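The values are calculated or read from the model by the stated rules, or taken from the named source; none is laboratory data. These figures come from a predicted structure and were not determined experimentally. For neighbour counting, all protein chains shown are included, and Cβ atoms are generated from backbone atoms with ideal geometry for every residue, glycine included.
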Amino acid sequence: MNYLFKLGQLFIITGLSLLIGCRFSFNETGGKPTDSTDSLVLVIAKKALRSIQENKPDSLEILIDSKVLRKTKPEQITWIMQEGQSIIDNYLFPNDTLILKSQSINYTTSGVLVINTLSLPFQHKIYKDSVRYFHFTLINNKIQKILINNYHPGINIIEPKRTEPHLQKIDMQTDNIRWFRIWYDGGSINKNKKYGSNRGYYAVSGNREKLEKIGMKDAFQDIFKLISSANFDSLDYKYRPEDEISNPEWLYLRFKFHNEEYKNLGEFQISYYINEDGGKKEEMSDYIVIKHTEKTRYLLLKDKNPELVQKLIEVAHHDYQKFYEIIP
């Protein structure tokens, strides 16, 4: 899947962590490890990646600190193996010069700990703006933590404190649209199909007038009407979306409105998995997900809303001709 549009939203993370004794507040942080340490921790990280690639969990566990391993659940190792293999198969292994390295020193009651971290950026083989990171933390040449996510190590993800309550009814109108964006990812099914200058995915965006030009105003109003009359199957609050299992066909709509009632609720979003990838079920593939104010969510079961499903597919598969964004 192409992920650029999801920065700040998509966040996939798992960890194997160690609580390191009683720390003093004094901490020294250096820019780069020494050459000898640098080469050794990199060798260990590459061994871990090779174990993941070859589906050898026992080989990976040997590289992990024994104290960490005792606290690690089997499903965590399984997740790392599955997610890691998917990345290694579909993304390019980074050149050593692209690997981000840092070292810090912690003074504890049991002595001095030298903590080495490596972040390896894997670029997608097709979608060049999609980058996944393996983050390794090592102490005494043993892995203490493995993280897999979409974020450069310098990015902090902060969930907004504001929690807007759910509305009794969502009554969106196309006449009130200030801005919209259609994002479509063809997944594995349509990965080679051309959409303007892009292959496998596209985006179209603009204001209310643009919505009329692309011939989607009536379809959008039908979608809004069906949502307005629907009975929500579940309500929750969710800032970061669920982890994706594979490469599904997916539609993601975004709107901003200028009417006072909805303007203050920020961006409205509608997302829907049209087709799964080879039967690999996504956690939210049974639902149409509607969200505003970054984390206030409404869930509609797709089986109960077939008209809405058909309208969303109509929007996804429409030919937008000259209106596709050149660089989504």
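Key figures for this structure:
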{"quantity": "The one condition in (1) within 24 Å of the chain's Cα centre (by Cα); (2) within 27 Å of Glu283 (Cβ to Cβ); (3) in contact (Cβ under 8 Å) with a residue 24 or more places away in the chain that Trp179 fails to fulfil", "calculated": "(2)"}
{"quantity": "Where Arg254 falls short, out of the listed (1) touching a Ser or Thr at 6+ places or on another chain (Cβ under 6 Å); (2) surrounded by fewer than 20 Cβ atoms within 10 Å (Cβ to Cβ); (3) assigned to a strand (DSSP E or B)", "calculated": "(1)"}
{"quantity": "Flag if Lys67 is free of Cβ contacts under 8 Å to residues at least 40 places away in the same chain and farther than 17 Å from Ile44 by Cα", "calculated": "no"}
{"quantity": "Whichever residue in segment 242-251 is surrounded by fewer than 18 Cβ atoms within 10 Å (Cβ to Cβ) and not acidic (Asp, Glu) and, among such residues, is modelled with the highest pLDDT", "calculated": "Ser246"}
{"quantity": "Test: residue in segment 168-183 that is closer than 19 Å to Phe268 by Cβ, out of contact with any helix residue (DSSP H, G or I) (no Cβ under 9 Å at 6 or more places or on another chain) and modelled with pLDDT of 90 or more", "calculated": "yes"}
{"quantity": "Any hit, segment 199-221, residues being within 23 Å of His166 (Cα to Cα), part of a helix (DSSP H, G or I) and either touching a His at 6+ places or on another chain (Cβ under 8 Å) or touching a residue at least 24 places away in the same chain (Cβ under 8 Å) (or both)", "calculated": "yes"}
{"quantity": "Scan of segment 188-223 for residues that are crowded, with 21+ Cβ neighbours inside 10 Å and either closer than 26 Å to Lys169 by Cα or in contact with a Ser or Thr (Cβ under 8 Å, 6 or more places away or on another chain) (or both), ordered by number", "calculated": "Leu211, Met216, Phe220, Ile223"}
{"quantity": "Subset of segment 100-131 [under 26 Å from Tyr184 (Cβ atoms) and in a loop (DSSP other than H, G, I, E, B)]", "calculated": "Lys125, Ile126, Tyr127, Lys128, Asp129, Ser130"}
{"quantity": "Residue ID - nearest to His124 (Cα to Cα), chosen from residues in segment 72-99 that are touching a residue at least 24 places away in the same chain (Cβ under 8 Å) and not in a helix (DSSP H, G or I)", "calculated": "Tyr91"}
{"quantity": "Segment 38-63: number of residues that are within 15 Å of Asp96 (Cβ to Cβ) and among the hydrophobic types (A, V, I, L, M, F, W, C)", "calculated": "7"}
{"quantity": "Filtered residue count, segment 56-94, keeping only those that are among the charged types (D, E, K, R) and touching a Leu at 6+ places or on another chain (Cβ under 7 Å)", "calculated": "3"}
{"quantity": "Where a residue in segment 307-320 is closer than 13 Å to Ile214 by Cβ and in contact (Cβ under 8 Å) with a residue 24 or more places away in the chain and its partner, wherever it lies, is of a type in the set (Gly, Ala, Ser) and surrounded by 15 or more Cβ atoms within 10 Å (Cβ to Cβ), with Cβ under 8 Å and at least six apart", "calculated": "Glu314/Ala219; Val315/Ala219; His318/Ala219; Tyr320/Gly196"}
{"quantity": "Any hit, segment 122-138, residues being polar (S, T, N, Q) and touching a Leu at 6+ places or on another chain (Cβ under 6 Å)", "calculated": "yes"}
{"quantity": "Yes/no for Glu75 being surrounded by 18 or more Cβ atoms within 10 Å (Cβ to Cβ), among the charged types (D, E, K, R) and in the same structural domain as Leu60 (by TED's automatic domain parsing)", "calculated": "no"}
{"quantity": "Residue among Glu261, Glu294 that is outside any strand (DSSP E or B), surrounded by fewer than 19 Cβ atoms within 10 Å (Cβ to Cβ), at pLDDT below 95 and not polar (S, T, N, Q)", "calculated": "Glu261"}
{"quantity": "Options Gly200, Gly215: the member that is at pLDDT 95 or above and more than 17 Å from Asn259 (Cα to Cα)", "calculated": "Gly215"}
